[in-house]
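Visitor: Could you have a look at this structure, given as structure tokens, before my questions?
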Amino acid sequence: MAVRESRPDRLLRQALRLPAGMGIDVGLNGPAPPPAPYHWLPSRIRQASSKRRPALAGSFCARRALSRAGYAGTAKVKTEPDGPAIWPEGWTGSIGCADIGAVAVAAPSHAGEWLGVDLSVPLTELQRRWLEPLLATRAELEALTSRSTETLSLLYSAKEALQRALQPLLGDIPDYQAMRCVRMDGEWLWFEPAVDMDPHWPAQRLVKVRYLSTGQWVLTVASSLQQID
């Protein structure tokens, strides 16, 4: 049975400017108590071990995102802690999990298409200082309008989404600095490869990542379906 899109997910879809045919499902944990963490999940998943629960939450969101994208089957999305999710044949998607909750996006797959999502909590000041030299080059940081913790949190989440999107197409991306942010505004971050990563991905090929930030969480989506203005 198809999963109807909730009002919060519909508003999120509109805010992210997701194209028709792409499904999204988000589950966010509220401050506890109340409600309890993962209160939005079925009881059988809530009762799983804390180690398994994030992956199960991601799979739950993935099934709902597939249904909202038009998938009529009942196949499970297989997830591995250190590998990409395995989607039904003819479909693609991405899952993001964090302490704050889980998100998944899904769409019919076509040759050359890519899709990645990330859900993160904002970096702490200590995390920002530790991650900054790994996340971006000095030139990249100087090109940004700000080097605040909020900006670095957006950059981190966007690069996570890009890595998940491009890994099935290009294989493992060596590090965060392989994709360089060259511009940002109030809705998008633009990236280009720092080097020629693939014949289909030469340096200077711009891609953009859509983001939302609330101060409590950061959500980013990288999709080939959003690249045409």
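Read the figures in this text as sums done on the coordinates, not as results from a lab. Not measured: the values here are computed from a predicted model. Note that we place each Cβ from the backbone using ideal geometry, even for glycine, and neighbour counts take in every protein chain shown.
Visitor: In nanometres, what is the gap between the two model label sites at T137 and R183, each 7 Å from Cα along Cα-to-Cβ?
Guide: Rounded to a tenth, the inter-label distance reads 1.9 nm.
Visitor: Right, something else. Helix-only mean residue ellipticity at 222 nm, the chain, DSSP H runs n ≥ 4 weighted -39,500 (n - 2.57), per residue, nearest 500. What is it? If you can, show how the numbers build up before the last one.
Guide: Numbers: 6 runs with 70 residues, N = 229.
-9500 deg cm²/dmol, from helical runs alone.
Visitor: On to the next question. Given the Cα-Cα distance of W190 and K76 and 0.36 nm per residue of separation, how much length would full extension add, in nm? Write out the running numbers ahead of the final one.
Guide: On the way: separation 114, 0.36 × 114 = 41.04 nm, distance 3.35 nm.
Working it through step by step, the gained length comes to 37.7 nm.
Visitor: Could I ask something else about it? Considering only S67, Q167, W130, whose Cα is most displaced toward the positive end of the charge dipole of the chain, charges sitting on Cβ of Lys, Arg (+1) and Asp, Glu (-1)?
Guide: Farthest along the dipole direction, towards plus: S67.
Visitor: Dipole magnitude of the chain about its Cα centre, charges +1 at Lys/Arg Cβ and -1 at Asp/Glu Cβ only, in debye to the nearest 20? Provide the component values of the computation, followed by the final result.
Guide: Values: 26 positive and 23 negative charges, 196 e Å.
For this selection, approximately 940 debye.
Visitor: Out of all Cα-Cα pairs in the stretch 7-109, roughly what percent, to the nearest whole number, are more than 25 Å apart?
Guide: On the way: 945 of 5253 pairs.
Result for the distance tail: 18 percent.
Visitor: Using Cα springs under 10 Å in a Gaussian network model of the chain, which residue among A139, A57, A102 shows the largest mean-square fluctuation?
Guide: Highest fluctuation among the options: A139.
Visitor: Let me ask another. Determine the relative contact order of the chain: mean sequence separation of Cα pairs under 8 Å and six or more apart, normalised by residue count, in whole percent. The partial results should precede the final answer.
Guide: On the way: 426 pairs, mean separation 40.8, N = 229.
Over the chain, the number comes to 18 percent.
Visitor: Would you mind getting the Kirkwood hydrodynamic radius of the stretch 89-229 from its Cα pairs, rounded to one decimal in Å? Working shown, then result.
Guide: Numbers: mean 1/r = 0.0656 Å⁻¹.
This gives a value of 15.2 Å.
Visitor: Antiparallel DSSP bridges in the chain: what percent, to the nearest 5? Mind showing how you got there, number by number?
Guide: Working: 36 of 36 bridges.
That works out to approximately 100 percent antiparallel.
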